[in-house]
1. Would you pick out the residues in segment 41-58 that are over 17 Å from Lys75 (Cβ atoms) and loosely packed, with under 14 Cβ neighbours inside 10 Å?
2. Within segment 162-171, is even one residue outside any loop (DSSP other than H, G, I, E, B), touching a residue at least 12 places away in the same chain (Cβ under 8 Å), in contact with a Cys (Cβ under 7 Å, 6 or more places away or on another chain) and farther than 18 Å from Asp250 by Cβ?
3. Taking interchain pairs and intrachain pairs at least six residues apart, which have beta carbon atoms under 9 angstrom, with the first residue in segment 51-74 and without any contact (Cβ under 8 Å) to a residue 60 or more places away in the chain and the second of a type in the set (S, T, N, Q) and in a loop (DSSP other than H, G, I, E, B)?
4. So which residues in segment 296-335 are without any contact (Cβ under 8 Å) to a residue 24 or more places away in the chain and under 29 Å from Ile226 (Cβ atoms), if there are any at all?
5. What are the pairs with Cβ atoms under 7 angstrom where one residue, in segment 79-95, is within 12 Å of Thr110 (Cβ to Cβ) and in contact (Cβ under 8 Å) with a residue 60 or more places away in the chain and the other, located anywhere, is in a strand (DSSP E or B) and of a type in the set (D, E, K, R)? Sequence gap at least six, or different chains.
6. Filter segment 238-276 down to the residues that are outside any helix (DSSP H, G or I), out of contact with any strand residue (DSSP E or B) (no Cβ under 6 Å at 6 or more places or on another chain) and not hydroxyl-bearing (Ser, Thr, Tyr) and list them by number.
7. Here is a check on your reading of the model: is Asp207 in contact with a strand residue (DSSP E or B) (Cβ under 9 Å, 6 or more places away or on another chain) and either among the acidic types (Asp, Glu) or assigned to a loop (DSSP other than H, G, I, E, B) (or both)?
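The values are calculated or read from the model by the stated rules, or taken from the named source; none is laboratory data. Everything quoted here is computed from the prediction, not taken from an experiment. Backbone-built Cβ (ideal geometry, glycine too); neighbour counts: all protein chains shown.
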Amino acid sequence: MSDEAFFATPATLFLSDADVAELSDGDAVIAALAEAYAQPDDPQATPERVVVPTATGWQRVMPSAPPGSRFAGSKTISASVKNGVVSYLISLFDQYDSRLAALIDGNRITGLRTAGTAAAALTKLVPDRPIVVAVIGSGFEARAQLRAASRVATMSDVRVSSPTAANREQFAAELTAELGITVTAVDSAQDATREADLILCAARSRDESPTLLSEWVAENATVVSIGSTTPTQKELDPALIGRAKLVVADALHEVLNDSGDMIAARAAGFDPASVTVSLHDLLGGRISRAPEGIAIYKSTGSGFQDLVIAELLYNLAVERGIGTPLPVGILTIRK
């Protein structure tokens with residue numbers, strides 16, 4: 001090591017999944033995302049994800065330097081599809097001194113940011129009255145979506161459907177006890193969504209056929225769709241997208257071009273681009289939802305969201321003394 005290379009201080013902080021769980025606060029997550037998305041969209045600050053094939057699956061890198069943030073970095077996802085395993089890692093680099101500030105287990109953050117961003121969108125999409133909610137799916141993402149949505153909406157009734165009766169019954173019992181809201185397990189997605197004000201989609205069919213059909217959706221409903229993030233995945237009936245008066249995208253270009261739902265809607269003769277706007281414009285007050293018609297929040301996920309939450313958690317970790325400072329680090333080089 002020469003005078004032109006040095007170990008920057010403070011040391012790189014490692015935050016484990018347990019650390020992230022201890023630091024997580026749903027209201028703080030939603031507030032941080034709402035504030036970040038209220039800024040104008042800057043596509044250069046969050047370029048499109050990069051995916052490369054590996055021997056048994058793929059590796060995805062999602063970089064971002066959120067405007068106004070101290071940190072830039074990326075989330076890397078390594079998936080061995082053949083073996084059914086995946087790992088998530090978020091890196092945070094200080095934009096001003098180039099030090100590697102943190103390495104963070106991104107597993108839990110992925111769920112936090114997906115549900116938190118949807119909840120931030122719902123603050124501008126759902127009516128200010130008690131609403132009926134339908135949940136399609138009963139897994140991790142479905143739980144996270146309902147938990148986050150319950151923080152920003154008043155729910156009079158919740159119905160959940162998923163293919164396995166035991167799973168939806170367990171979901172209903174757990175979330176009723178946790179949220180203090182009556183959650184009822186029903187036999188079908190059609191039963192769950194009947195006259196629902198808000199529909200949370202968090203499950204895909206095994207054959208990638210839509211799990212939500214247009215004829216099930218009430219005229220002025222709000223739909224959250226998080227399950228079609230690649231061109232081959234499908235969650236929403238193309239006719240439903242055709243009925244929508246407003247589609248709000250967390251990542252505008254990727255939603256329009258890389259979501260199987262949007263690709264299928266165009267193939268069916270609809271023009272989703274004509275009704276799709278950026279979440280930045282919704283939360284920044286530059287557009288608003290009309291009182292009539294269906295609104296859809298469509299998410300493919302974004303490194304922007306990961307970095308906003310990672311910075312929030314890092315600052316809390318430093319403040320509270322949580323995490324593990326690494327005994328070794330990478331060099332910072334003077335150029």
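1. Asp42, Pro43, Gln44, Pro53, Ala55, Thr56
2. The answer is no, given that none of the residues of segment 162-171 is outside any loop (DSSP other than H, G, I, E, B), touching a residue at least 12 places away in the same chain (Cβ under 8 Å), in contact with a Cys (Cβ under 7 Å, 6 or more places away or on another chain) and farther than 18 Å from Asp250 by Cβ.
3. Short answer, once both residue conditions are applied: Val51/Thr230; Thr56/Asn83; Gly57/Asn83; Pro67/Gln39; Gly68/Gln39.
4. Result: Asn315, single match.
5. Every condition considered, the pairs that remain are Ile90/Lys75.
6. Lys245, Asp250, Ala251, Ala268, Gly269, Phe270, Asp271
7. no
Listed here are the residues, each with its yes/no results for (1) in a loop (DSSP other than H, G, I, E, B); (2) farther than 20 Å from Leu313 by Cα; (3) not assigned by TED's automatic domain parsing to the domain that holds Glu35.
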position	(1), (2), (3)
Val51	no, yes, no
Thr56	yes, yes, no
Pro63	no, no, no
Ala72	no, no, no
Lys75	no, no, no
Ala79	no, yes, no
